[in-house]
Amino acid sequence: MATNVHLTPELETFARERVKEGSYNSVSEVVRSGLRLLKDQEDRKHAFDAMIAETLRETDEKGPRALEDVLAKAGDVIDAAER
């Protein structure tokens, strides 16, 4: 699919420098890489927003929790994500 993208002079220079230094084969690859990073960032934001909404729902249903319990659960989630 062909799509034209107009970059600011600063972004075009940045993209062309990435190609010149050999990090990418073309400006199109630079743009695709940037879009993948943007998608990843937005996916993480949506997941975080969903987690906050779930936490608020649980708090409404079960009431507040002790800080120690929250920190312990956060530690478990971080450990699981690192595996």
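Numerical summary
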{"item": "Value at 222 nm in deg cm²/dmol, rounded to 500, when DSSP H runs of n ≥ 4 in the chain each add -39,500 (n - 2.57)", "result": "-27000 deg cm²/dmol"}
{"item": "More than 21 angstrom apart: percent of Cα pairs within the chain", "result": "55"}
{"item": "Charge dipole magnitude, Cβ of K and R +1, D and E -1 - the chain, Cα centre, debye nearest 20", "result": "380"}
{"item": "Cα lying deepest toward the dipole's positive end in the chain, options PHE48, ALA15, LEU35, charges on Cβ", "result": "ALA15"}
{"item": "Label-point gap, in nm, between SER23 and VAL70 - each point 7 angstrom along Cα→Cβ", "result": "3.8"}
{"item": "Cα-based helix-to-principal-axis angle, 67-82 vs the chain, degrees rounded to 10", "result": "40"}
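Rule-based calculations on the coordinates, nothing more; no lab input. Computed from a prediction, not measured in an experiment: that's the story for all the values here. Counting neighbours? That spans all protein chains shown, and the Cβs are built from the backbone with ideal geometry, glycine included.
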